[in-house]
Amino acid sequence: MRGRSESGRRHEAVEDPAPTRELRLVSGDGYNGWESVYRDNAAWVYGLMFSKVGNRADAEDLTAEVFLAALGPLRMSATVPEVRAYLRATARTVLAGYWRVRMGREITTIDDDFAETPVDDVTENALAISRARSVLDRLPDRYRRILELRFMQGLSVRDSATDLGVSVANAKVLQHRALQMAAQFSEGGAR
């Protein structure tokens, strides 16, 4: 847009350099059936789920779960914004259930049908532990410690960093370098 300012000088409209989110006009009308509800909303529900769980298979399953959960209670007479709000609330509930099952599951239980480990497996396990210990013993103290914390004690990177008194980024670097050196030692090479 070109025009003249009050001082008589020409000026040009400056475009906003920040990208703006495209807005879409949503009508207040309702949907004419479940197929149109699904067709109009599946993409954004899937996108939301994928952004939260990070993998395609789970996102697809959760998207289907959202629509199945909404199938019964959702009225077809509801307006488009009401349907979207309901689907968003249902998606939030489905995600909460997903993370509750995924992260809140007790992993220290022993099943009743637990079979004892065969003697051969115990011997192999003891040999593997012995080899791991010999490789760890050859590493510098900080490298050995980060690997012990992460893999033998099962601590998170954050907890390991706290234990070592370093930042999370530093703990990641230590772990990476320690694994590289341990791989060299386990292949028989030495520095």
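With modelled with pLDDT under 90, out of contact with any His (no Cβ under 7 Å at 6 or more places or on another chain), in a helix (DSSP H, G or I) and not assigned by TED's automatic domain parsing to the domain that holds V66 as the only criterion, which of A126, A96 stands out? So that I can check it myself, show each step before the final result.
Values: A96 fails: not assigned by TED's automatic domain parsing to the domain that holds V66.
Being modelled with pLDDT under 90, out of contact with any His (no Cβ under 7 Å at 6 or more places or on another chain), in a helix (DSSP H, G or I) and not assigned by TED's automatic domain parsing to the domain that holds V66 holds for just one of A126, A96, which is A126.
Tell me which residues, restricted to segment 45-71, are surrounded by fewer than 19 Cβ atoms within 10 Å (Cβ to Cβ), under 14 Å from R92 (Cβ atoms) and in contact with a Leu (Cβ under 9 Å, 6 or more places away or on another chain).
Answer for segment 45-71, where residues must be surrounded by fewer than 19 Cβ atoms within 10 Å (Cβ to Cβ), under 14 Å from R92 (Cβ atoms) and in contact with a Leu (Cβ under 9 Å, 6 or more places away or on another chain): K52, V53.
Among the candidates D111, D120, single out the residue that is at pLDDT below 90 and not in a loop (DSSP other than H, G, I, E, B).
After ruling out the rest, the residue left standing is D120.
Would you please list the contacts, defined by Cβ atoms under 7 Å and residues six or more apart or on different chains, that run from a residue in segment 52-65 that is part of a helix (DSSP H, G or I) to a residue that is surrounded by fewer than 17 Cβ atoms within 10 Å (Cβ to Cβ)?
R56/F50; A59/F50; T63/A42
For V168, work out the one condition from (1) surrounded by 15 or more Cβ atoms within 10 Å (Cβ to Cβ); (2) at pLDDT 90 or above; (3) β-branched (V, I, T) it doesn't fulfil.
(1)
The values are calculated or read from the model by the stated rules, or taken from the named source; none is laboratory data. These numbers were taken from a predicted model, which means no experiment stands behind them. As a convention, Cβ positions derive from the backbone with ideal geometry for all residues, glycine included, and neighbour counts pool all protein chains shown.
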